[in-house]
């Protein structure tokens, strides 16, 4: 039964990668576009299991779908997502907010910081400077991640991600 959840997550990564690289390429704001795969990775990471194997699974599949459409080195996103995921899980377990483990403010702070780190680490080999595209991309991705967060909370889907 657990393999069905893993298969559904892989299909969602694939679907979000297709949306990100076909439909949403037409909706850029100052050159920034939503990174739906990263947002979904972070949602699964935030609401999902707490073990290293699940994190590795998420990083591999999200990273592969990100790298397929990336012009850089293949596999770099897998490594970056895995490292950032380990740090995010460590922060999440050490900064729990009382009774509710899934606070929106907590989620947005972690997501914003780790999206910035992901973009910086991804751009390091090319030595690209950050300008308006970076901040526009950050805002768009925070909005997309917020939408996903509220959908998960509204429909009480976090129980399926555990």
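Quick notes
- Packing order of peptides 43-56, 142-155, highest average first: 43-56, 142-155 (average count of other Cβ atoms within 10 Å over each peptide's residues).
- For segment 32-95, projected area of the alpha-carbon convex hull averaged over all directions, nm²: 4.5
- Calculated FRET value between residue 52 and residue 26, using beta carbons and R₀ = 30 Å, to 0.05: 0.20
- Taking every alpha-carbon pair under 8 Å whose residues sit at least 6 apart, segment 1-69 reaches a relative contact order of 36 percent.
- Extension gain (nm, one decimal) between residue 74 and residue 18, 0.36 nm per residue minus Cα-Cα: 18.4 nm
- Computed lengthening from residue 4 to residue 158, 0.36 nm per intervening residue step minus Cα-Cα distance: 53.8 nm
Every number here is computed from the coordinates shown, using simple stated rules; none is lab data. The shown structure was predicted, so the numbers you read here are calculated from the model rather than taken from an experiment. Every residue, glycine as well, gets a Cβ built from its backbone with ideal geometry; the counts of neighbours run over all protein chains shown.
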